[in-house]
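Notes follow once the structure below has been shown.
The values are calculated or read from the model by the stated rules, or taken from the named source; none is laboratory data. Computed from a predicted model, the values in this text were never measured in an experiment. Here the Cβ positions follow ideal geometry from the backbone for every residue, glycine too, while neighbour counts run over all protein chains shown. Note: accessible area is taken over every heavy atom of the protein model, side chains too, but ligands, DNA and RNA are not part of it. Shrake-Rupley method; radii C 1.70, N 1.55, O 1.52, S 1.80 Å.
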Amino acid sequence: DGVRIDVHKTWSIEDKGASNNESIVLRFHIGDKTVLFLNDLGTEGSMRYEQMPIANVKSDIIQTAHHGQAGVREPVYRMVGGSVFLWPTPDWVWEDPKTYQIGETRTWIEGEDFQEKRERHIVACLYDAYPEDPTKVTCWRQVKDGMRVF
């Protein structure tokens, strides 16, 4: 189908129990575009990822790590570049740049004039607030009308 997937990172003994750093990092080649999925990669994984050759990580579309906040370090976003960013975060986090360090990541990517460049950013929101007990599927069904949880 013309899609190639590079596995950039998998689990490592160096992760030492930091579960977000066990994230698999994938880079998709679709036609002449590349899409990088950083998933939940955190600081320790970020430092290892920064050692990759820049030519292997440059991507057109980037899924921001760990919901766009408290994930990879700034050098990863600098090396990867990107013209479009996918933010797997709820609106209430996106709209408040002081919440969960999302403002810091937004500034790393766009600088201080972030609001002027919003057209490059896609926010994927499935819920208005975290459920009372996020470990129970039934609680997730209650947070957003029409949300499908299987």
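Brief remarks on what is shown
- In the set (1) modelled with pLDDT of 85 or more; (2) surrounded by 15 or more Cβ atoms within 10 Å (Cβ to Cβ); (3) not small (Gly, Ala, Ser), residue 74 fails one condition alone, (2).
- Just one of the listed residues (104, 116) is acidic (Asp, Glu), at pLDDT 80 or above and either in contact with a helix residue (DSSP H, G or I) (Cβ under 9 Å, 6 or more places away or on another chain) or assigned to a loop (DSSP other than H, G, I, E, B) (or both), and it is 104.
- Qualifying residue in the range 17-33 (condition: closer than 19 Å to residue 106 by Cβ, touching a helix residue (DSSP H, G or I) at 6+ places or on another chain (Cβ under 9 Å) and at pLDDT 90 or above): no
- Test for residue 89: is it at negative phi, buried (at least 20 other Cβ atoms within 10 Å of the Cβ) and touching a Cys at 6+ places or on another chain (Cβ under 8 Å): yes
- Residue 75 falls short on exactly one of the conditions (1) assigned to a helix (DSSP H, G or I); (2) touching a Leu at 6+ places or on another chain (Cβ under 9 Å); (3) closer than 23 Å to residue 110 by Cα, and that condition is (2).
- Restricting the range 53-71 to residues that are on the phi < 0 side of the Ramachandran plot, in a helix (DSSP H, G or I) and among the small types (Gly, Ala, Ser) leaves a set whose member that is least open to solvent (accessible area, probe 1.4 Å) is 65.
- When we screen 41, 26 for residues that are surrounded by 20 or more Cβ atoms within 10 Å (Cβ to Cβ) and outside any helix (DSSP H, G or I), the only hit is 41.
- Of the numbered criteria (1) in contact with a His (Cβ under 8 Å, 6 or more places away or on another chain); (2) under 21 Å from residue 120 (Cβ atoms), the one residue 31 fails is (1).
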